Protein chains: 2
Amino acid sequence: MSNIRHALNTKREDDFAAWYQEVISAADMAEESGVRGCMVIKPWGYGIWERIQRLMDDRIKAAGVQNCYFPIFIPLKNFEREAEHVEGFAKEMAVVTHHRLISDGKGGLIPDPEAKLEEPLVVRPTSETIIGDAMARWVQSWRDLPLLTNQWANVVRWEMRTRMFLRTSEFLWQEGHTAHENREQALEETHRALEMYRACAEEDMALPVIAGEKPENERFPGAVETWSIEAMMQDGKALQAGTSHYLGTNFAHAAGITYQDREGTEQHCHTTSWGVSTRMIGGVIMTHGDDDGLRVPPRIAPHQVVILPMLRGKDEDEVVLEYCESLRAEIAAQQALGEPVRVLLDKKPGQAAAKRWDWVRKGAPVIMEVGPRDMNDNKVAMIRRDQLWNMDNGKANFAFTPRADAVAGLSALLEDIQNSLFNEAAERRDANITRGVTSLDEVAAFYDGSAKYPGWLEVQWSKPTGDALEKVVETLKGHKLNIRNVPRDAEPADGPCIFTGDPAVERILIAKAY
Amino acid sequence: MSNIRHALNTKREDDFAAWYQEVISAADMAEESGVRGCMVIKPWGYGIWERIQRLMDDRIKAAGVQNCYFPIFIPLKNFEREAEHVEGFAKEMAVVTHHRLISDGKGGLIPDPEAKLEEPLVVRPTSETIIGDAMARWVQSWRDLPLLTNQWANVVRWEMRTRMFLRTSEFLWQEGHTAHENREQALEETHRALEMYRACAEEDMALPVIAGEKPENERFPGAVETWSIEAMMQDGKALQAGTSHYLGTNFAHAAGITYQDREGTEQHCHTTSWGVSTRMIGGVIMTHGDDDGLRVPPRIAPHQVVILPMLRGKDEDEVVLEYCESLRAEIAAQQALGEPVRVLLDKKPGQAAAKRWDWVRKGAPVIMEVGPRDMNDNKVAMIRRDQLWNMDNGKANFAFTPRADAVAGLSALLEDIQNSLFNEAAERRDANITRGVTSLDEVAAFYDGSAKYPGWLEVQWSKPTGDALEKVVETLKGHKLNIRNVPRDAEPADGPCIFTGDPAVERILIAKAY
């Protein structure tokens, strides 16, 4: 159809996993660190995280939640007292056993046997148990409730197989932890956090998600209810992009978080926890990336507009640079999506075309090129990253726009790019959720068929529990599938359960997942 | 002189160390966590850190430095190859030796002997060696230089004696790491960072500091030059509030950070590193705190204005709250010190007087109380935290101000509080630097005399090195003193060295220190 050349070696349709790695490298977002399971997040990747953090933090603070910081080390006893939680987490964690190194006498270093800790410390995999200790100190009376805390932190879960952003031994996240008087209030907070995550995913990251409750086998260790938002990647797999847990009084019992109620009776608090992590950046890549690299939604783009001066090593360069600097200043004074426009004038040496492709691969929403001729015509050559190619002739879509129009139109343009990326993803997601499958055989046929990226199934079930659920889980596992969640906003059930044939009580999403 | 009652039990002049702990507790900034050497930073303390972070990060970004994130774990081999660095750091560090826990069969957990790491990992005490690995990958040619990176992170140095904010095993900081073509450029960056720290300390935190170079015995392990900013606490001790290091090619040799220069020759980079930490919050407390608690400079105050409605559990309460909410909104729309005013309407239950004293202890710069009568008069009762008491009559300084004037005057008021806190600290600091001491006996007499908080000495020396310096250091140590730095902006030397009697070459600051 066209002679479009793409900026990456691997196309999504050929090898999605290899394409993912190539985008990360081509957009210069992150790399392996040489330390097992840990990555280095580079400026463009970290800049996206800083944007996500800032927007999420604003939402967190607006809800009256206060940021704190808790220790990275958790004593073993904190895990020992919470049986179900430790069962889920105690397996793969980094354990600190010594507090000093000494020479091994052969030019190397070893842990000093004289400096062995009496009680080993665990590098936090999550902080319920240590924050529970603090809550037990802080909460005395119903007047101290609700207690709404959050921390931005690094956590470590020793992973055997890692993939950048999606699964690394160390990752960055926020974890909200709250304590309440009763079940109703704790559930209300669980849903508030879930809704905050939905809004942040959809409005800030342009990731359409489906919010719903996890089945009991997928609950967070120690939780009574676990809710998630699920996003569909371009290979049809699901990515859990955030979770919110109602913990009942389980952690309150383990840590002794009690309060005097309004009648003077000692009660255990109902607690919640909720978190999102750098994993979301993997979701942004696999949702918005194309065969030319990343496309970053304007709200979370470190630079929304990149100006590339076309320099030729001649005297005129200085005049072009001055012109570009005045353009930069003019754009920086504009507002888009409720904030000042983030614009970069990229003065680094190098050919404009090579630099253009760098920014295409990084996915800056708008690229503006200015050469001597454009300057004299008072025009800029604009590229809108989300509509890079002219599909009719296969050429890159340059729009030569009068400078004044380019500046005046930026606010609407960035808003349009933000919305277009969301709509594109939402349409693809909706087109790839299949309904109407009514038997396990059809499920198997659907996923084992010829479709390379078959997407999700929404099916009806009777919500089996215990052994019956375990059987369903095992069956799905045989096809590398699992239940993502019970969508909050799905239609009511109106047929038989595909697993048991009993009348269904709700709908569930089935998918392969990251 | 007056009947002033103070909000704390301990006065600074009676027991400065106990006063410090009491301020932290009374202002609800942080507390012991129960995990050895680690503290919990509570919302008011963390909010101050967030403000410092935001302002510092703006300065870091404005200098073209890009934020990244590097692994928390550092392999032993990284320390082994940098002999001088490991000598300084390898002693007290948290060492991860296992990646799994198992049951001990008695209801407890132990590190799984089957899951011992082949090579132990160190929890980063600082990141020169791991970032050096990345720099070695990233730098090929002079075109890649300068490489300017920074990370915000937690670090761990196993401390035997800890004190909240000042010395904790885990602390939060930023660490800048840069690579350059040559000594001149690296030194220029070392001084840029030092100057940034001076500006941030003085302009944002209202901490007057003296910038200067550390003597060789006080250098960062592996550094060629170490520069610091030193602040004087109210007990006359010095607090190192930030350091900037020129590392020469030491770390570049250890990690193999090389580049092809403009002539095509392979060269080692010259690197720098620079950092400030949550320790600065200790400096803010010990500089601006008084016998009523903390006083937070407006630029770093999480809330600059706190509105306290006087509620009496009557119908009128609702009207007062509405009035206060409209006042809050009006104030939030004001600008002060270049940003929107951060204002809190504190609706929590409780007596207005008790709540007032909470905010006095926390040190909110401006407190506004509004009762039904004030509302009807369209006035607010204002307290300026840095001038709490009327020294003539010993009563709290309430200013009953027409609402419109209070709002219109806020910008100037907050700026004045910011400047007053700085000036007060600078005057005290200047009054407590003694010059003209010309012998070691006088030094001893100065510190062993009757003055409880004797302050600093600025003396002249001949800059001895090696053993001669070691002897000076030992002598000073006998009086619990050390050399803080060689002030960048001091007068030239014009007399004999107080240690050797030789002609002095420069002036140094001597002090007790945190």
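The values are calculated or read from the model by the stated rules, or taken from the named source; none is laboratory data. A quick note: this is a predicted structure, and the numbers were derived from the prediction, not measured. Here the Cβ is made from the backbone with ideal geometry for all residues, glycine too, and neighbour counts use every protein chain on show. Ligands, DNA and RNA are excluded from the accessible area calculation, which covers all protein heavy atoms including side chains. Shrake-Rupley method; radii C 1.70, N 1.55, O 1.52, S 1.80 Å.
Couple of notes before you dig in:
- Of the residues making up the stretch B:53-64, those that are more than 12 Å from every other protein chain (Cβ to nearest Cβ) and more than 20 Å from B:R279 (Cα to Cα) are B:A62, B:A63.
- Matching helices (runs of 4 or more DSSP H) fully within the stretch B:269-376 where at least 2 residues are surrounded by fewer than 19 Cβ atoms within 10 Å (Cβ to Cβ) and modelled with pLDDT of 95 or more: B:316-332
- Here the condition is being outside any helix (DSSP H, G or I), under 24 Å from the mean Cα position of the chain (by Cα), facing another protein chain (nearest Cβ under 9 Å) and of a type in the set (D, E); of A:E50, A:E31, it holds for A:E31 alone.
- Being farther than 22 Å from B:Q418 by Cα and of a type in the set (A, V, I, L, M, F, W, C) is a condition met by no residue of the stretch B:208-219.
- Residues located in the stretch A:347-403, provided they are closer than 21 Å to A:P298 by Cα, basic (K, R) and out of contact with any helix residue (DSSP H, G or I) (no Cβ under 9 Å at 6 or more places or on another chain): A:K355, A:R356
- Residues being in a loop (DSSP other than H, G, I, E, B) and polar (S, T, N, Q) - total across the stretch B:175-198: 1
Conditions tested, residue by residue: (1) at the interface with another protein chain (Cβ under 10 Å from one of its Cβ atoms); (2) without any contact (Cβ under 8 Å) to a residue 40 or more places away in the chain.
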| site | (1), (2) |
| --- | --- |
| B:D112 | yes, yes |
| B:V139 | no, no |
| B:W142 | no, no |
| B:T149 | yes, no |
| B:E170 | yes, no |
| B:T178 | no, no |
| B:E181 | no, no |
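- Residue that is more than 10 Å from chain A (Cβ to nearest Cβ), open to solvent by 10 Å² or more (accessible area, probe 1.4 Å) and touching a Ser or Thr at 6+ places or on another chain (Cβ under 6 Å), where the choices are B:R198, B:R219: B:R219
- Any hit, the stretch B:327-341, residues being closer than 27 Å to B:F171 by Cβ and not acidic (D, E): no
- Every pair of residues 6+ apart whose Cβ atoms lie under 6 Å, when the first sits in the stretch B:73-84 and is farther than 16 Å from B:V123 by Cβ and within 9 Å of another protein chain (Cβ to nearest Cβ) while the second is among the small types (G, A, S) and open to solvent by less than 70 Å² (accessible area, probe 1.4 Å): B:E80/A:G108
- In this structure, B:Y197 does not qualify as over 18 Å from the mean Cα position of the chain (by Cα) and modelled with pLDDT of 95 or more.
- Reported count of residues in the stretch A:483-501, each being buried (at least 18 other Cβ atoms within 10 Å of the Cβ) and closer than 17 Å to A:Q240 by Cβ, is 5.
- Cβ-Cβ contacts under 8 Å between residues 6 or more apart (or on different chains), taken from a first residue in the stretch B:344-372 that is β-branched (V, I, T) to a second residue that is open to solvent by 50 Å² or more (accessible area, probe 1.4 Å), are listed as B:V370/B:M310.
- Residues in the stretch A:26-58 that are among the aliphatic types (A, V, I, L, M), buried (at least 20 other Cβ atoms within 10 Å of the Cβ) and out of contact with any strand residue (DSSP E or B) (no Cβ under 7 Å at 6 or more places or on another chain): 3 in all.
- Those residues of the stretch B:439-489 which are basic (K, R) and not in a helix (DSSP H, G or I), in sequence order: B:K452, B:K463, B:K480, B:R484, B:R488
- Complete set of residues in the stretch A:248-291 that are among the β-branched types (V, I, T) and in contact (Cβ under 8 Å) with a residue 60 or more places away in the chain: A:I257, A:T258, A:T271, A:T272, A:V276, A:T278, A:I281, A:V284, A:I285, A:T287
- Scanning the stretch A:319-335 turns up one or more residues that are free of Cβ contacts under 8 Å to residues at least 12 places away in the same chain and touching a strand residue (DSSP E or B) at 6+ places or on another chain (Cβ under 6 Å).
Let's see how each residue does on (1) under 25 Å from the mean Cα position of the chain (by Cα); (2) in contact (Cβ under 8 Å) with a residue 40 or more places away in the chain; (3) in a helix (DSSP H, G or I):
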| site | (1), (2), (3) |
| --- | --- |
| B:D405 | no, no, yes |
| B:L410 | no, yes, yes |
| B:L414 | yes, yes, yes |
| B:I417 | yes, yes, yes |
| B:L421 | yes, yes, yes |
| B:E427 | yes, no, yes |
| B:T434 | yes, no, no |
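- Residue within the stretch B:391-398 that is modelled with pLDDT under 95 and polar (S, T, N, Q) present: yes
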